[in-house]
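Worksheet: one structure, shown below.
Nothing in this text is a laboratory measurement; each read-out follows from the coordinates by a stated rule. The structure displayed is predicted, hence computed values, not measured ones. We place every Cβ from the backbone using ideal geometry, glycine too, and count neighbours over all the protein chains shown.
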């Protein structure tokens, strides 16, 4: 048994090695054929590889937190089209290399939904990367100093789904808008993006330094894009009000 386990590990069949003894005992007790015994072991190996692959993709996605679609409170955002969100969760937009744009004020759940859809994409075997716009721009600018620019550019271009959070929180300058345009233009019709922004389209001209580049960026983002506008009160503000009310009631009592 130990010799076979070692041979399986040498052949990179760790999933089969993990369950060999259990499957062997089951096969003997149930008098399974060799084919049925082998089928069980192969299914264990495939399951192990799928799980390992998911864990690796999850680690490389760099999500700031784990936010699932099931945890999202649609009742708090009644104007949000729940059916549209679950349609996006099929990840058909990733297969078609389309984009999703979430627009709304801070705290309404844009980042939560972006992460949730990213997790759904991971489950379907897609490679996903999460970053804020400012973090990506800073990384690209810094990479020019140590001659790793092309490697960093590939890092942002290679995932099937790139999630760009917080577009509009900081105004881009002449140099940073060029880097942002480079990412958008090179991913255009080649890889999907989910972008969250607290700015309306009318305000995007203020975010990008160059009006001409701004037009080119917007054109490429929205050409194949589902635009989802979220209106409502901030979750964080709601929680703050609830805490204030509880403290007030506690003092009164």
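Laid out as a table, the results:
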read-out	value
Structure-based [θ]222 nm, the chain - -39500 (n - 2.57) summed over DSSP H runs of at least 4, per residue, nearest 500	-18000 deg cm²/dmol
Virtual paramagnetic centre 7 Å along Cα→Cβ of residue 124, amide N under 17 Å, in segment 179-198	189-195
Sites residue 79 and residue 201, calculated FRET efficiency, Cβ-Cβ separation with R0 30 Å, nearest 0.05	0.95
At R0 = 35 Å, FRET efficiency that the Cβ-Cβ distance of residue 222 and residue 50 yields, to 0.05	0.50
Residues of segment 42-64 with amide N under 17 Å of the 7 Å Cα→Cβ point at residue 148	60-62
Efficiency of FRET between residue 215 and residue 92 - r from beta-carbon atoms, R0 25 angstrom, step 0.05	0.30
Ranking of 29, 192, 143, 200 by count of other Cβ atoms within 10 Å, fewest first	29, 200, 143, 192
Rg ratio (alpha-carbon, reference 2.2 N^0.38 Å) - segment 1-72	1.49
Exposure proxy order (Cβ contacts within 10 Å, fewest to most) of 117, 101	101, 117
Cα-derived Rg over Rh, computed across the chain with Rh taken as Kirkwood radius	1.12
Fluctuation leader among 72, 37, 93 - the chain, Gaussian network, Cα springs under 10 angstrom	37
Residue order, fewest to most beta carbons within 10 Å, for 212, 207, 94	212, 207, 94
20 Å cut-off, amide nitrogen to a point 7 angstrom out along residue 70 Cα→Cβ, residues in segment 108-138	112-126
Rounded if a/c under 1.5, otherwise prolate or oblate - segment 136-209, Cα gyration tensor axes	oblate
Inter-site label distance for residue 229 and residue 58 at 7 Å from Cα along Cβ, in nm	3.7
